[in-house]
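Single-structure report; data block below.
The values are calculated or read from the model by the stated rules, or taken from the named source; none is laboratory data. Note that the coordinates shown come from a computational prediction; the quantities given were computed from them, not determined experimentally. Here the Cβ is made from the backbone with ideal geometry for all residues, glycine too, and neighbour counts use every protein chain on show. Heavy atoms of the whole protein, side chains included, go into the accessibility calculation; ligands, DNA and RNA do not. Shrake-Rupley method; radii C 1.70, N 1.55, O 1.52, S 1.80 Å.
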Amino acid sequence: MPRCAFSSSQKSTSSIPKLCRLPVHAKLKIYLDFLSLILSLSNDIIINANAYFLMIRNAFKMKLHAGFEAEYKKRHDEIWPELSQVLKDAGVSDYSIFLDSETLTLFASWKLSDDHRADTLPQHPTVQKWWAYMADIMETNADNSPVCTPMDEVFHLD
């Protein structure tokens, strides 16, 4: 939350904005009420209260080759720190991938900041290197990018 700004030369509390004079718990209640109002207005946008910006939920599915379930998990358990950083720098957060063992379908979901640059990820050398590393165990396109099918959100509950 932005701090209340006023000059140190101001002597009278009457010149300090009223919100600044409220106790911390009252300010927090106002802030939480505001967040609650925003959340009630939209199911498609969530507020990231830690970073103070809007987030977009996004989901897609990919396909794993048979017999590579353990290897896929192992490679992600050992995710490269530089890849994690590239994703974060592009505005990606809360990224999860789930495996349907019966169909070998990978379901991925992530949140994108309102100013995300996820569209630049395919050109990043680290991402391209990761795709090449993963290409032998999953369905890929000619450039080694995973075959991804976007998914539409049909329900959400906060």
Give me the pairs, please: first residue somewhere in the range 73-99 and over 24 Å from ILE56 (Cβ atoms), second residue anywhere and in a helix (DSSP H, G or I) and polar (S, T, N, Q), beta-carbon distance under 8 Å, and either six or more positions apart or on two chains. TRP80/THR126; GLU82/THR126
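Taking into account only those residues within the range 114-141 that are acidic (Asp, Glu) and in contact with a strand residue (DSSP E or B) (Cβ under 9 Å, 6 or more places away or on another chain), which is nearest to MET55 (Cα to Cα)? Steps first, answer last, please.
Applying the first criterion (acidic (Asp, Glu)) to the range 114-141 yields 114-115, 119, 136, 139.
Within this subset, residues satisfying the condition of being in contact with a strand residue (DSSP E or B) (Cβ under 9 Å, 6 or more places away or on another chain) are 114-115, 139.
Details: ASP114: 6, ASP115: 9, GLU139: 29 Å.
That would be ASP114.
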Show the residue pairs meeting these rules: Cβ distance below 7 Å; 6+ apart or different chains; first residue within the range 29-42 and farther than 14 Å from LEU157 by Cα; second residue at pLDDT below 75 and outside any helix (DSSP H, G or I). TYR31/MET1; LEU35/ILE47; LEU35/ALA49; ILE38/ILE47
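Condition check ((1) at pLDDT 95 or above; (2) among the charged types (D, E, K, R); (3) surrounded by 15 or more Cβ atoms within 10 Å (Cβ to Cβ)) across all residues:
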site	(1), (2), (3)
GLY91	no, no, yes
ASP114	no, yes, no
ALA118	no, no, yes
GLN123	yes, no, no
GLN128	yes, no, yes
ASN141	yes, no, no
ASN144	yes, no, yes
VAL147	yes, no, no
Can you tell me which of (1) without any contact (Cβ under 8 Å) to a residue 60 or more places away in the chain; (2) on the phi < 0 side of the Ramachandran plot is the one GLU153 doesn't meet? (1)
If you scan the range 57-67, which residues turn out to be open to solvent by 70 Å² or more (accessible area, probe 1.4 Å) and either of a type in the set (A, V, I, L, M, F, W, C) or modelled with pLDDT under 50 (or both)? ALA66
Looking only at the range 54-94, count how many residues are farther than 17 Å from SER145 by Cβ and among the hydroxyl-bearing types (Ser, Thr, Tyr). 2
